[in-house]
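Where a number appears in this text, it was derived from the coordinates with a stated rule and is not lab data. Note that the structure is a prediction, hence the values are computed from the model and not measured. No Cβ is skipped: glycine too gets one built from the backbone with ideal geometry, and neighbour counts run over all protein chains shown.
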Amino acid sequence: MLFMVIEGFRDKQCDDAGQTGAAEARRWLGGVRLDIVCAGDLLLTGGGLLIVMTAMKGFVEAERDKDGLLGVHSVDHFGLVVPDLKAAEHFYSASGIDPVAIGDHLELRASISDHAWGKVTEGKRKHVNYLSFGAYAEDIPRFREHLKKVAVETITPPADMAGDGIWFLDHDGRPVEIKAAAKVSSDGKRQPRAGTAEARAVPLIPAPEVKPVRLAHLILFTQHIDRAIDFYTRVLGLRLSDRCGQTICFLHGVHGSDHHIIGFGHSDGPGLHHTSWEVDGVDAIGLGAKQMAGKGYCEGWGLGRHGAGSNYFHYIRDPWKSLLELTCDADYIPKGTTWCAADLDMAQAVMQWGPAPPADFGANYELQS
Ligand SMILES: [Fe+2]
């Protein structure tokens with residue numbers, strides 16, 4: 001019998017550690033079909049393989065319901081201020097996102113619906129000026145009570161923000177809204193488009209135009225990773241998916257969402273690292289990057305596959321030196337899943353494969369503006 005030790009399968013704080021380990025073992029074995037049986041610290045396989053589950057660098061205790069399930073289900077949209085609205089219109093158009101002029105701002109729309117995923121206004125310096133989260137209508141009164149319970153004061157909505165959402169400030173003083181809204185986060189893994197045996201996988205003529213399907217997630221900078229996790233889990237009801245110590249963290253929704261709908265990376269101050277947009281598949285990521293390069297947006301990083309979230313990626317620098325990510329095939333965490341959040345090494349989290357990231361990939365250029 002072959003003995004094999006694979007680091008990272010054992011989570012002593014997870015009730016179903018064995019099942020998690022088995023699932024991971026299957027995945028790490030590249031989809032090889034093996035009958036895997038959990039036996040304490042051992043996974044016994046039908047293929048004559050013994051896998052010894054060992055401890056990883058560290059695991060974070062799985063979060064569980066205490067007073068019923070209360071959490072936002074989606075990032076409804078983000079507010080973004082940029083110094084030049086025309087430049088924003090050109091950049092987002094190049095990506096296949098539809099920037100629709102509404103009054104004095106642009107609404108960023110994607111192909112799945114006419115939902116506004118971002119509202120871009122003109123101002124002195126680029127920054128995310130607010131975040132709006134969607135919740136089920138029946139949960140809005142519960143959120144009002146919950147905010148009182150956790151001693152978070154509500155604020156009057158920022159100027160020009162209509163509606164009856166609940167507004168408050170997050171751990172970095174950024175206005176955040178929870179409002180009744182349709183769930184716009186993913187409801188499952190997006191399947192690649194079915195092809196036919198008689199046609200090319202990617203048509204040569206006409207060249208496919210790439211149009212992102214939806215906002216997948218956004219990653220913000222913060223000085224305080226622990227405070228970000230505490231605030232967004234305790235107040236908004238998100239859950240930790242994975243983290244890399246005090247460097248970065250990823251959060252998902254309790255009603256079913258991608259591995260992360262929002263995350264935070266450490267910096268010396270707040271800022272936007274990237275917005276991420278789901279496309280139809282790996283070809284669409286490559287074609288999208290090519291499409292943007294053809295419009296002058298060449299700087300970035302990709303193609304690769306992340307470790308945290310498992311999504312394919314290609315990043316493109318925007319005119320204000322934050323990034324837009326084209327992505328697909330992220331891990332999906334269904335409602336009711338007891339997800340065991342891992343404390344990953346940064347190298348594991350950043351990529352499973354791909355070219356080396358540029359030296360300034362983690363730079364927060366908003367600190368210099
Ligand atoms: Fe991302």
How far is the Cα center of segment 235-270 from the Cα center of segment 149-222, in Å? 14 Å
By counting other Cβ atoms within 10 Å of each Cβ, how are Ser74, Ser322 ranked from fewest to most? Ser74, Ser322
What is the gain in length, in nm to one decimal, between Val282 and Thr337 on full extension, counting 0.36 nm per residue of separation less the C-alpha to C-alpha distance? 17.1 nm
Neighbour counts of other C-beta atoms within 10 Å: give me Asp104, Asp242 arranged from fewest to most. Asp104, Asp242
Shape call for segment 252-291, from the Cα gyration tensor axes a ≥ b ≥ c (a/c under 1.5 means rounded, otherwise prolate when a/b beats b/c, else oblate), comes out oblate
Tell me the relative contact order for segment 75-180 as a rounded percent, counting alpha carbon contacts under 8 Å between residues six or more apart. 27 percent
Between segment 76-108 and segment 113-139, what is the C-alpha centre distance in whole Å? 12 Å
Provide the FRET efficiency to the nearest 0.05 for the Ile155-Tyr365 pair, computing r from the beta carbons and using R0 = 35 Å. 0.80
Using label points projected 7 Å from each Cα along Cα→Cβ, tell me how many nm separate Arg125 and Glu198, to one decimal. 6.0 nm
For peptides 252-262, 354-364, 131-141, sequence by mean Cβ density within 10 Å, most packed first: 252-262, 131-141, 354-364
Using the Karplus curve 6.51 cos²θ - 1.76 cosθ + 1.60 with θ = phi - 60°, work out ³J(HN,Hα) for each residue of segment 220-235 in order, rounded to whole Hz, and write x for Gly and Pro. 10, 8, 8, 7, 10, 4, 4, 5, 4, 4, 4, 5, 6, 7, 6, 8
Can you bin segment 121-169 into rounded, prolate or oblate? Criterion: square roots of the alpha carbon gyration tensor eigenvalues sorted a ≥ b ≥ c, rounded for a/c under 1.5, prolate for a/b above b/c, oblate for the rest. prolate
Would segment 214-368 count as rounded, prolate or oblate if I go by the C-alpha gyration tensor, calling it rounded below 1.5 in a/c and otherwise prolate when a/b exceeds b/c, oblate otherwise? oblate
List the GluC sites (Glu not before Pro) within segment 184-278 that fall in a DSSP loop (any state other than H, G, I, E or B) and whose Cβ has at most 10 other Cβ atoms within 10 Å. Glu198, Glu209
